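Trainee: Structure provided below as structure tokens; questions to follow.
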Amino acid sequence: MIALHTLPVRTAGAAENMAVDFLLLQRYPVPAAARFRHYEWRTQAFTFGLSQAMDYIRANLPPGGPFDLCRRPTGGGLVDHRNDWTYCLVIPRAHALFDAPATTAYRDVHAALAAAMQVLGEPVALQDKRHPTEEGPTICFERPELYDVLNTATGQKIAGAAMKRNKNGLLLQGSIEKSRVGSIDWNKFQEKFEAEIAKTLGATLTPTPWPELNEDELAGLVEQYSSPEWMEHR
């Protein structure tokens, strides 16, 4: 049985949050363990997927900026983090979900999220229909995709995620839009969600201190993620 390391909550800017998530995939000192963290945002933040066009992103930002904006190392659309509950999950290479189709990992993690919300009385379910493929950029919460989490009372998408798979493991960056669910105790939700993820992975839930990441490498990655080259993806 593997361990699921649950890490302390940290608050940072968009580039640093993205850099930390990537380093948890690339440089975690216990590579055989799964790792999970919930984190918060220092300022009004938006992130967007690796393949998104910057012109589209700028055109679809709401009024009221400036915003802390960063391109994610994962895919997906434009995500508004001003009122969301954000998390990162890394599944190690040795786990069966690493080799499974991306839709399987997406479904299983969102099923764990939905189960945690259902325990707290929220009317949620997974989107079970695939929309016709549409080319081009997207805004994350505009339309539910297959295995997104829906509020069944309103039909609105409440949770989505983006993924990156490489030789080290599978990184999943997820977001829950708080305005689309009821009055939740988010500390209780985190506790239930972590337990459900552990059950899904067949892992032992292990609260873990913050890992010792290389500060120079982290600073370099934050600089990269803040650079015009990264933001424009040139």
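The values are calculated or read from the model by the stated rules, or taken from the named source; none is laboratory data. As the structure is a computational prediction, the values presented were derived from the model and not from experiment. A quick note on method: Cβ atoms are made from the backbone with ideal geometry, for glycine too, and the neighbour counts reach across all protein chains shown. Only protein heavy atoms, including side chains, enter the accessible area calculation; ligands, DNA and RNA are left aside. Shrake-Rupley method; radii C 1.70, N 1.55, O 1.52, S 1.80 Å.
Trainee: All but one of (1) touching a residue at least 12 places away in the same chain (Cβ under 8 Å); (2) open to solvent by 20 Å² or more (accessible area, probe 1.4 Å); (3) over 24 Å from ASN151 (Cβ atoms) hold for PRO101; which doesn't?
Mentor: Checking PRO101 against (1) touching a residue at least 12 places away in the same chain (Cβ under 8 Å); (2) open to solvent by 20 Å² or more (accessible area, probe 1.4 Å); (3) over 24 Å from ASN151 (Cβ atoms), the one that fails is (1).
Trainee: Taking the range 112-126, which residues are open to solvent by less than 50 Å² (accessible area, probe 1.4 Å) and not in a strand (DSSP E or B)?
Mentor: Residues satisfying the conditions are ALA112, LEU113, ALA114, ALA115, ALA116, MET117, GLU122.
Trainee: Taking PRO132 and the conditions (1) surrounded by fewer than 17 Cβ atoms within 10 Å (Cβ to Cβ); (2) at pLDDT 95 or above, which numbered condition does it fall short on, given that it satisfies the others?
Mentor: For PRO132, the failing item is (2).
Trainee: Out of everything in the range 191-211 that is open to solvent by 50 Å² or more (accessible area, probe 1.4 Å) and in a helix (DSSP H, G or I), what residue ends up being nearest to ALA19 (Cα to Cα)?
Mentor: GLU191
Trainee: State whether the residues of the range 74-90 include one that is among the polar types (S, T, N, Q), loosely packed, with under 15 Cβ neighbours inside 10 Å, part of a loop (DSSP other than H, G, I, E, B) and on the phi < 0 side of the Ramachandran plot.
Mentor: Let us first name the residues in the range 74-90 that are among the polar types (S, T, N, Q), namely 74, 83, 86.
Within this subset, residues satisfying the condition of being loosely packed, with under 15 Cβ neighbours inside 10 Å are 83.
Among the residues that remain, those that are also part of a loop (DSSP other than H, G, I, E, B) are: 83.
Retained after the next criterion (residues that are on the phi < 0 side of the Ramachandran plot): 83.
Taking every residue of the range 74-90 in turn, at least one turns out to be among the polar types (S, T, N, Q), loosely packed, with under 15 Cβ neighbours inside 10 Å, part of a loop (DSSP other than H, G, I, E, B) and on the phi < 0 side of the Ramachandran plot.
Residue-by-condition table, conditions (1) among the aromatic types (Phe, Trp, Tyr); (2) within 28 Å of ASN187 (Cβ to Cβ):
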site	(1), (2)
GLY49	no, no
GLN52	no, no
ASP55	no, no
LEU61	no, no
VAL79	no, yes
ARG82	no, yes
PRO92	no, yes
LEU97	no, yes
TYR106	yes, yes
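Trainee: Here are some conditions: (1) out of contact with any helix residue (DSSP H, G or I) (no Cβ under 8 Å at 6 or more places or on another chain); (2) under 30 Å from THR152 (Cα atoms); (3) of a type outside the set (Val, Ile, Thr). GLU196 meets all but one. Which one does it not meet?
Mentor: GLU196 satisfies every listed condition except (1).
Trainee: Given the residues ASN214, ASN187, ASN151, ASN168, which is the only one that is buried (at least 19 other Cβ atoms within 10 Å of the Cβ), of a type outside the set (A, V, I, L, M, F, W, C) and over 17 Å from the mean Cα position of the chain (by Cα)?
Mentor: Step by step, each of ASN214, ASN187, ASN151, ASN168 is checked, and only ASN151 is buried (at least 19 other Cβ atoms within 10 Å of the Cβ), of a type outside the set (A, V, I, L, M, F, W, C) and over 17 Å from the mean Cα position of the chain (by Cα).
Trainee: Next up: Please enumerate the residues belonging to the range 35-61 that are open to solvent by 60 Å² or more (accessible area, probe 1.4 Å) and under 19 Å from ASN17 (Cβ atoms).
Mentor: Of everything in the range 35-61, those that are open to solvent by 60 Å² or more (accessible area, probe 1.4 Å) and under 19 Å from ASN17 (Cβ atoms) turn out to be GLU40, ARG42, THR43, GLN44.
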